[in-house]
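Each remark here refers to the structure printed beneath this line.
FYI, it's all coordinate maths here, none of it is from the lab. Source: prediction; values computed, not measured. Cβ: placed from backbone, ideal geometry, glycine included. Neighbour counts: every protein chain shown.
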């Protein structure tokens, strides 16, 4: 979700990380049901938290962090919104963050 929200393809992320050698890893990272023990640091390219990935991959569903249904943001990740503040949960659009709310209003 975060890659798509950043408007990037898997290929673009691989190139930004240093080359096509990362393609297989990135595809595996996005394969449902496949859990990787080690993951490359994606934060230089896009908003990404390895801790949140670990929670989603390793914990039962009732212990997963809440994610924005629009972009995958979570409350543990600092991300600027579109009005020079930090993203938080929308008060008017349940399940969405303020960044997605502001984008929809634009």
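Couple of notes before you dig in:
- Pair-distance distribution P(r) for the chain, from all Cα-Cα distances in 10 Å bins starting at 0: 14, 44, 33, 10, 0 percent.
- For the listed peptides 67-77, 40-50, a ranking on the average number of other beta carbons within 10 Å per residue, highest first, reads 67-77, 40-50.
- Peptides 5-14, 80-89 ranked from most to least packed, by the mean per-residue count of other Cβ atoms within 10 Å: 5-14, 80-89.
- For segment 35-79, the normalised intensity computed at q = 0.17, 0.18, 0.20, 0.28 Å⁻¹ comes to -0.50, -0.56, -0.69, -1.19 (log10 of I(q)/I(0), Debye sum over alpha carbons, equal scatterers, no solvent).
- Per-selection metrics, segment 66-106 (Cα): Rg and Dmax in Å: 8.9, 25
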